[in-house]
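S.K.: One structure follows; several queries about it will come next.
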Amino acid sequence: MSQEEKNIPVEQQRLEKEQIEDMGSVYRTRGAHAIHCLTVIGQVEGHVEAPQGQKTTKYEHVLPLLATVEESDQIDGLLVLLNTVGGDIEAGLAIAELISSMTKPTVSLVLGGGHSIGIPLAVSAKRAIIAPRASMTVHPVRMTGLVVGAPQTYHYFDQIQDHIVDFVTENSRISREDFERYMMATGNMATDVGTVLYGAEAVKSGLMDELGTLSDALSYLHRQIARGKKRRGESNGETNG
């Protein structure tokens, strides 16, 4: 155990351990600036619980957590680590909308996979980074289970898909035409419609901002936090002067 860890109260260590186990997040790192680390793993769970045994990210945990991060004076930035297969569309978009609206520096890092509704989550941060061997699956909106075969159902699918396309193209450099082309491609996936983009391809397409690793994500956050504090300091100096 390091000297820094020895100086942390036992109760605080216990609470931090519980937060990692229950919510997949670390309240704040102990580097130069206080950064909240949130993981989005497995399936993004919506209004219905996922089957027992599946790894999930629960939106009812994440939404209030993000509001707390935005309001807290003790947290300077947000790091989102993604390795997700996708999941509930409404829950995923709700989380993505919150992240994109935050005023604090935010960065996402796709590790392993950022598939399906994980794509809006990845691009919602101010800087979107993907590991060289990570992948992202772009595909049309799909629904499992009983579906009413009526024109209104298909119209609803189109509306939801338009919302996703709008959000992704507004929060990244990819064009609407390119994103929809990847979404509807038929020759890339063996049993489905869509496209799998790996690290360099995702950056080249404009979907992600850069290839990188954890150190790149943290470096970006620390730079942005430092710049923000410097600007606020200069502004306060001018006001007080």
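The values are calculated or read from the model by the stated rules, or taken from the named source; none is laboratory data. The structure presented is a predicted model; accordingly, all values stated were derived computationally and were not measured. Cβ atoms come from the backbone with ideal geometry, glycine included; neighbour counts cover every protein chain shown. What goes into the accessible areas is simple: the full protein's heavy atoms, side chains included, and nothing from ligands, DNA or RNA. Shrake-Rupley method; radii C 1.70, N 1.55, O 1.52, S 1.80 Å.
S.K.: With the requirement that a residue be under 17 Å from residue 83 (Cα atoms) and open to solvent by less than 50 Å² (accessible area, probe 1.4 Å), what does region 211-225 give you?
M.R.: 212, 217
S.K.: Given the conditions (1) modelled with pLDDT of 55 or more; (2) open to solvent by 40 Å² or more (accessible area, probe 1.4 Å), report the number of the one that residue 44 does not fulfil.
M.R.: (2)
S.K.: Right, something else. Pick from region 120-151 the residues that are small (Gly, Ala, Ser) and modelled with pLDDT of 95 or more: which of them is nearest to residue 185 (Cα to Cα)? Outline the logic, then answer.
M.R.: Filtering region 120-151 down to residues small (Gly, Ala, Ser) leaves 122, 124-125, 128, 131, 134-135, 145, 149-150.
So of that shortlist, the ones also modelled with pLDDT of 95 or more come out as 122, 124-125, 128, 131, 134-135.
On the way: 122: 21, 124: 24, 125: 27, 128: 24, 131: 24, 134: 20, 135: 16 Å.
Within region 120-151, the match that is nearest to residue 185 (Cα to Cα) is 135.
S.K.: Could you check, for region 168-177, whether at least one of its residues is open to solvent by 30 Å² or more (accessible area, probe 1.4 Å) and either modelled with pLDDT under 95 or under 16 Å from residue 92 (Cβ atoms) (or both)? Write out each step before concluding.
M.R.: Here is the first cut: in region 168-177, the residues open to solvent by 30 Å² or more (accessible area, probe 1.4 Å) are 169-171, 173, 175-177.
Add one more test, that the residue is either modelled with pLDDT under 95 or under 16 Å from residue 92 (Cβ atoms) (or both), and what stays is 170-171.
Yes: one or more hits.
S.K.: Another question, then. Among the numbered criteria (1) open to solvent by 50 Å² or more (accessible area, probe 1.4 Å); (2) part of a helix (DSSP H, G or I); (3) farther than 18 Å from residue 113 by Cβ, which single criterion is violated by residue 200?
M.R.: (3)
S.K.: Within the set of pairs 6 or more residues apart or between chains, which connect a residue that is under 17 Å from residue 84 (Cβ atoms) and polar (S, T, N, Q) inside region 132-143 to a residue that is open to solvent by 10 Å² or more (accessible area, probe 1.4 Å) and in a strand (DSSP E or B) with Cβ atoms less than 6 Å apart?
M.R.: The qualifying pairs are 135/196; 135/198; 137/196.
S.K.: Next question, about the same structure. Working only within region 186-231, note down all residues that are touching a residue at least 24 places away in the same chain (Cβ under 8 Å) and of a type in the set (Asp, Glu).
M.R.: Those that are touching a residue at least 24 places away in the same chain (Cβ under 8 Å) and of a type in the set (Asp, Glu): 192, 209, 210, 216.
S.K.: Looking at (1) surrounded by fewer than 24 Cβ atoms within 10 Å (Cβ to Cβ); (2) part of a strand (DSSP E or B); (3) not β-branched (Val, Ile, Thr), which one does residue 102 not meet, given that it meets all the others?
M.R.: Unmet condition: (2).
S.K.: Restricting to region 146-167, and then to whatever is farther than 25 Å from residue 82 by Cβ and among the polar types (S, T, N, Q), can you tell me which residue is least open to solvent (accessible area, probe 1.4 Å)?
M.R.: Residues of region 146-167 that are farther than 25 Å from residue 82 by Cβ, as a first pass: 146-156, 158-159.
Now restrict to residues that are among the polar types (S, T, N, Q): 152-153, 159.
Values: 152: 132, 153: 28, 159: 86 Å².
For region 146-167, the residue satisfying everything is 153.
S.K.: Only one of these is assigned to a helix (DSSP H, G or I), touching a residue at least 12 places away in the same chain (Cβ under 8 Å) and open to solvent by 60 Å² or more (accessible area, probe 1.4 Å): 180, 234. Name it. Break it down into steps so the answer makes sense when it comes.
M.R.: Details: 234 fails: touching a residue at least 12 places away in the same chain (Cβ under 8 Å).
Testing whether each residue is assigned to a helix (DSSP H, G or I), touching a residue at least 12 places away in the same chain (Cβ under 8 Å) and open to solvent by 60 Å² or more (accessible area, probe 1.4 Å) leaves just 180.
S.K.: Now for a separate question. Check residue 129 against each of (1) touching a strand residue (DSSP E or B) at 6+ places or on another chain (Cβ under 6 Å); (2) part of a loop (DSSP other than H, G, I, E, B) and name the one condition it does not meet.
M.R.: Exception for residue 129: condition (2).
S.K.: Additional query: Could you list, in sequence order, the residues of region 51-86 that are among the small types (Gly, Ala, Ser) and either more than 17 Å from residue 115 (Cα to Cα) or in contact with a Phe, Trp or Tyr (Cβ under 9 Å, 6 or more places away or on another chain) (or both)? Steps first, answer last, please.
M.R.: Pass one, region 51-86, residues among the small types (Gly, Ala, Ser): 53, 67, 72, 77, 86.
If the condition is that a residue be among the small types (Gly, Ala, Ser) and either more than 17 Å from residue 115 (Cα to Cα) or in contact with a Phe, Trp or Tyr (Cβ under 9 Å, 6 or more places away or on another chain) (or both), then 53, 67, 72, 77 are the ones that fit.
S.K.: Mind listing just one residue for me: the one in region 55-96 that is polar (S, T, N, Q) and open to solvent by less than 30 Å² (accessible area, probe 1.4 Å) and, of those, nearest to the chain's Cα centre (by Cα)? Break it down stepwise before answering.
M.R.: Of all residues in region 55-96, those polar (S, T, N, Q) come to 56-57, 68, 72, 74, 83-84.
Applying the additional criterion that residues be open to solvent by less than 30 Å² (accessible area, probe 1.4 Å) yields 57, 72, 84.
Working: 57: 11, 72: 20, 84: 10 Å.
Ranking the candidates gives 84 first.
S.K.: Assuming residue 205 fulfils every condition listed in (1) in contact with a Phe, Trp or Tyr (Cβ under 9 Å, 6 or more places away or on another chain); (2) of a type outside the set (A, V, I, L, M, F, W, C); (3) loosely packed, with under 14 Cβ neighbours inside 10 Å apart from one, which condition is it?
M.R.: Every condition holds for residue 205 apart from (3).
S.K.: Please work out which residue is surrounded by the fewest Cβ atoms within 10 Å (Cβ to Cβ), limiting yourself to region 110-145 and to residues that are over 20 Å from residue 56 (Cβ atoms) and under 12 Å from the mean Cα position of the chain (by Cα).
M.R.: 127
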